Each structure stands twice: as C-alpha cells, then as structure tokens.
Amino acid sequence: MKKETPLVKMEGISKSFGAVRAVHEVELDLFKSEILGLVGDNGSGKTTLMKVLSGVYQPDDGKIYLDGKEASFEHRFEARRMGIEMVFQDLGMCPDISIAENMFMGRELTREFLGLKLLDKRQMVTESGRSLSDAGVTMPSPKTRVRNLSGGQQKAIAVMRAVYWNTKIVIMDEPTAALGVKEQHKVLEIMKNLREKNIGIIFISHNLDEVFSVADRIMVLSRGRKVSDTHSNKVTKDQIVSMLIA
C-alpha cells in the first residue's frame with residue numbers, strides 16, 4: 001500500500017536569534033484531515049517553528065515540503081498563496097468595521113462600474129455569511145461591527161477568514177485562550193468541522209484536555225527539540241506532562 005504524502009513535511013528545521021537556538025533540527029509531518037496538537041512549555045519553540053512554516057521567519061537550516069514538493073517562503077504572503085494560514089492569539093481583527101469587512105480585509109472583493117473598480121460590499125456580505133454558515137458558525141448579520149461580538153465569535157471569524165481562500169493548512173495558536181467554556185467548545189467544534197473538509201490543522205495549546213479532545217496526534221517540543229510525536233490514543237496526559245517537565 002502506497003504511503004500517503006504529507007500535506008506538509010518539515011525536515012531538520014533550525015532557527016536561532018543571535019546566540020539563542022529557538023528550534024533545533026525539528027521534523028514535522030501533517031496530513032490531510034488531521035489535527036496535530038503541538039505542545040510545550042513557554043520557550044519550547046512551538047510558535048517559532050510555526051512562524052517558520054507560515055513564512056514569518058525563514059529557517060537557518062532545513063527544508064519544507066508541501067504535497068511532496070520543496071517550498072520556501074520569503075514572507076507570510078507567499079505561504080498564504082501556497083495555502084498556509086496562521087491564526088495568531090491577537091487575531092488581527094479591526095473592531096470598528098463589520099464581520100464581512102474583516103473577513104475580506106486585505107483581499108477585498110471588487111466590481112467594475114463605468115471602468116472603475118469599486119468595493120463589492122454586497123458580495124462580501126453574502127460570501128462571509130455563507131462561509132460562516134457552512135462551518136456551522138452562528139453569527140448576527142455580517143454587517144455587524146466586530147466590537148459588538150463575543151470573544152468566541154471573534155475567534156470564529158478569524159479562523160473562517162483564514163480558511164476561506166482555499167487554505168490547506170491552518171495553524172491555530174492558543175485559539176481558546178481567554179474564552180469561556182461554551183466558547184471554547186465552539187472553537188473546538190469548528191476545528192473538527194474543518195478536519196472533515198480535508199484541511200490539516202496544527203493546534204498549539206497549553207490545555208492538554210482540549211488537545212486530547214480533538215488531536216489525532218500530539219507532538220511535544222522541549223527546549224527547541226522534538227521529544228515525542230505520538231497518536232493521541234497511544235499516550236496519556238500524565239506521560240505528556242512528564243515530557244514537558246523533564
């Protein structure tokens with residue numbers, strides 16, 4: 001049986017900042033329709049590794065493969081064009097504009113009128129509403145200003161903005177942080193729905209209960225090195241904790 005080609009494969013990735021080695025020769029695979037839980041203490045290299053994958057940083061050493069082909073990104077926008085999106089903790093939302101405008105921020109839809117390109121606000125409202133509905137996300141009108149939404153609703157919009165553009169890989173950095181229990185569950189449900197749409201998800205979190213509830217595999221980083229990569233049904237939470245404090 002032919003082995004499945006990973007959506008993304010990172011080989012021997014290293015990244016330093018001056019004398020500090022943040023990531024050291026790390027390997028990572030992510031497959032279609034998979035949630036990979038990425039865990040580690042502060043300073044373990046999780047976010048640095050993901051910023052390399054998303055084009056924010058360039059690695060000092062190592063290679064990245066997408067669908068089996070070597071790829072490199074000079075900046076975040078190149079990674080986006082290749083189908084990689086990262087949802088950061090700060091979300092990057094503009095509170096004083098609408099849901100629809102946030103969904104299409106930086107990639108606004110336009111229409112031509114008398115030879116001029118105008119914003120197609122009606123189409124952006126329609127498309128954002130459809131995208132959220134397809135993902136099972138309940139929202140007020142797409143014309144609602146983001147500042148009037150709950151924290152969980154804002155997280156949902158940030159995630160759906162990331163996956164709208166034919167995204168293959170979504171990196172989620174602590175997506176449930178500072179949310180209530182009900183909103184946390186909603187974000188986890190969105191992740192499961194995305195997995196059903198053949199999207200690969202990397203879930204960075206300190207909450208091991210949440211990681212075990214959704215992740216297919218769990219990868220542990222410590223001091224910039226990978227110390228474990230195991231299917232979630234073959235490892236316990238206590239074992240993961242032992243790795244984190246070793």
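The values are calculated or read from the model by the stated rules, or taken from the named source; none is laboratory data. Keep in mind that this is a model prediction, so the values were computed, not measured. Cβ placement follows ideal geometry from the backbone for every residue including glycine, while neighbour counts extend to all protein chains displayed.
Restricting the search to the stretch 91-100, which residues are buried (at least 16 other Cβ atoms within 10 Å of the Cβ) and modelled with pLDDT under 90? Spell out the reasoning first.
Here is the first cut: in the stretch 91-100, the ones buried (at least 16 other Cβ atoms within 10 Å of the Cβ) are 91, 93, 98-100.
Correct list: 91, 93.
Which condition does residue 137 not pass, out of (1) of a type in the set (Val, Ile, Thr); (2) closer than 24 Å to residue 14 by Cβ; (3) buried (at least 17 other Cβ atoms within 10 Å of the Cβ), if it passes all the others?
Among (1) of a type in the set (Val, Ile, Thr); (2) closer than 24 Å to residue 14 by Cβ; (3) buried (at least 17 other Cβ atoms within 10 Å of the Cβ), residue 137 violates only (2).
Hey, could you check the stretch 159-188 for residues that are among the charged types (D, E, K, R) and not in a strand (DSSP E or B) and say which is farthest from residue 7 (Cα to Cα)?
Top of the filtered list is 182.
Can you pull out the residues in the stretch 19-40 that are over 13 Å from the mean Cα position of the chain (by Cα) and closer than 14 Å to residue 211 by Cβ?
39, 40 - these are the residues of the stretch 19-40 that are over 13 Å from the mean Cα position of the chain (by Cα) and closer than 14 Å to residue 211 by Cβ.
State all residues of the stretch 1-51 that are among the charged types (D, E, K, R), in a strand (DSSP E or B) and over 19 Å from residue 204 (Cβ atoms); if no residue qualifies, say none. Working first, answer last.
Residues of the stretch 1-51 that are among the charged types (D, E, K, R), as a first pass: 2-4, 9, 11, 15, 21, 25, 27, 29, 32, 34, 41, 46, 51.
Remaining after also requiring in a strand (DSSP E or B): 9, 11, 15, 21, 25, 27, 29.
The answer is 11, 21, 25.
Considering each residue of the stretch 166-202, count those that are on the phi > 0 side of the Ramachandran plot, of a type outside the set (Asp, Glu) and modelled with pLDDT of 85 or more, and give that number. Spell out how you get there, then give the answer.
Taking the stretch 166-202 as the starting set, the residues that turn out to be on the phi > 0 side of the Ramachandran plot are 166, 174, 178, 198.
From what is left, the residues that are of a type outside the set (Asp, Glu) are 166, 178, 198.
Restricting the remaining residues to those that are modelled with pLDDT of 85 or more gives 198.
The total comes to 1.
Scan the stretch 31-83 for residues that are modelled with pLDDT under 90, under 21 Å from residue 12 (Cβ atoms) and charged (D, E, K, R) and jot them down.
Once the filter is applied, which keeps residues that are modelled with pLDDT under 90, under 21 Å from residue 12 (Cβ atoms) and charged (D, E, K, R), the stretch 31-83 yields only 74.
Within the stretch 11-21, which residues are surrounded by fewer than 21 Cβ atoms within 10 Å (Cβ to Cβ) and either farther than 14 Å from residue 229 by Cβ or not charged (D, E, K, R) (or both)?
Matches in the stretch 11-21: 12, 14, 16, 17, 18, 19, 20, 21.
Identify, from the list 77, 88, 113, 73, the residue that is on the phi < 0 side of the Ramachandran plot, without any contact (Cβ under 8 Å) to a residue 40 or more places away in the chain and surrounded by 13 or more Cβ atoms within 10 Å (Cβ to Cβ). Explain how you work it out, then say what you get.
Values: 77 fails: surrounded by 13 or more Cβ atoms within 10 Å (Cβ to Cβ); 88 fails: without any contact (Cβ under 8 Å) to a residue 40 or more places away in the chain; 113 fails: surrounded by 13 or more Cβ atoms within 10 Å (Cβ to Cβ).
Only one candidate passes the filter, namely 73.
Within the stretch 189-246, count every residue that is among the charged types (D, E, K, R) and assigned to a helix (DSSP H, G or I).
Counting residues in the stretch 189-246 that are among the charged types (D, E, K, R) and assigned to a helix (DSSP H, G or I) gives 9.
Looking at residue 156, is it assigned to a helix (DSSP H, G or I), in contact with a helix residue (DSSP H, G or I) (Cβ under 8 Å, 6 or more places away or on another chain) and either hydroxyl-bearing (Ser, Thr, Tyr) or surrounded by 18 or more Cβ atoms within 10 Å (Cβ to Cβ) (or both)?
Answer is yes for this residue.
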